[in-house]
Amino acid sequence: MSHHIVKADNLYYVYPDGTRGINGISFTITHGESVALVGANGAGKSTLLLHLNGCLTSAKGNIRIGDDTLTSKTLKAVRRSLGMVFQDPDDQLFMPTVFDDVAFGPMNLGLPEQEVEERVIHALETVGASHLRNRPPHKLSGGEKRAVAIAAILAVSPDILVMDEPTSNLDPLSRKRLIRLLQSFEHTKIIATHDLDMALDVCERTIVLHKGTITADGPTLDIFRNEDLLLKSGLEKPLRMQEYNPVPLNKKKTHDHDHDHDHHHH
């Protein structure tokens, strides 16, 4: 099943201003793997993702998606097998209704109307957004938009799902729902995220990026246990792996009310 493979081979990318965004990155992700891409802001996560679907082209090195090396000729095939959900759903939703947005991809594949409709219904059901089908996307909440953007990608039924910060700006309930949804996908998944607790729930493998290079690549739990590595990469342990030491509010009883008041502020 090579068509689910994502392979980067010695990628380099220099921003127009001369900054090196990606500095010699190589990895192979195989069929059905779920991989978290983590790193501090500016580590190169989004830049790397934009290479995977051909939005950016590397200065050196190449990318293989499935059976195809990514070139202008294979771009269409690659975008069919690799679905990308951008960080801001507004970059993805542009049709008058949710239904039209989710139907856009399958229609572009030239599928018969009946099948397009089936795919849209199924994709909206999968993300729990069936009730939104006739709504204008710009009137939805952040969580609803995110769900619809994911449905729009699922409707094309890609082999590989790539997501940039999928839990950002989601309320706790939407976040929980998204995590359950991601856990249920059997696709190959690559998820760039700051949300290490989500990475722990969804991805068995983690790649750490720091200043455009890979500083670690291995089982998620091993990487998140390695405090030195996290610190060097500008990351903190997932919240549930941090030891919780609450600071007692009233350390010492004083008669000085102002002082007491101060304590409660902290």
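The values are calculated or read from the model by the stated rules, or taken from the named source; none is laboratory data. Bear in mind the structure is a predicted one, so any value in this text is a computation, not a measurement. Note that we place each Cβ from the backbone using ideal geometry, even for glycine, and neighbour counts take in every protein chain shown.
Some notes on this structure:
- In segment 8-32, the residue that is surrounded by the fewest Cβ atoms within 10 Å (Cβ to Cβ) out of those that are part of a loop (DSSP other than H, G, I, E, B) and among the polar types (S, T, N, Q) is 19.
- Qualifying residue in segment 192-209 (condition: closer than 28 Å to residue 159 by Cβ and among the basic types (Lys, Arg)): yes
- When residues of segment 159-173 are limited to those that are more than 15 Å from the chain's Cα centre (by Cα) and not hydrophobic (A, V, I, L, M, F, W, C), the one surrounded by the most Cβ atoms within 10 Å (Cβ to Cβ): 159
- Looking only at segment 91-119, and only at residues there that are at pLDDT 95 or above and closer than 23 Å to residue 176 by Cα, the one that is farthest from the chain's Cα centre (by Cα): 98
- Residues of segment 160-212 satisfying the condition of being aliphatic (A, V, I, L, M) and over 25 Å from residue 229 (Cβ atoms): 160, 161, 170, 173, 178, 181
- All positions within segment 1-51 that are under 14 Å from the mean Cα position of the chain (by Cα), at pLDDT 95 or above and among the polar types (S, T, N, Q): 34
The rows are residues; the columns are (1) charged (D, E, K, R); (2) modelled with pLDDT of 60 or more; (3) farther than 30 Å from residue 22 by Cα; (4) outside any helix (DSSP H, G or I).
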position	(1), (2), (3), (4)
216	no, yes, no, yes
230	no, yes, no, no
236	yes, yes, no, yes
240	yes, yes, yes, no
246	no, yes, yes, yes
255	no, no, yes, yes
259	no, no, yes, no
264	no, no, yes, no
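Here's the yes/no breakdown for (1) under 29 Å from residue 214 (Cβ atoms); (2) part of a helix (DSSP H, G or I); (3) not hydrophobic (A, V, I, L, M, F, W, C):
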| residue | (1), (2), (3) |
| --- | --- |
| 40 | yes, no, no |
| 62 | yes, no, yes |
| 87 | yes, no, yes |
| 93 | no, no, no |
| 106 | no, yes, yes |
| 116 | no, yes, no |
| 122 | no, yes, yes |
| 125 | no, yes, yes |
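- First in segment 97-123 and free of Cβ contacts under 8 Å to residues at least 12 places away in the same chain, second anywhere and among the aromatic types (Phe, Trp, Tyr) and surrounded by fewer than 17 Cβ atoms within 10 Å (Cβ to Cβ), Cβ under 7 Å, 6 or more apart: none
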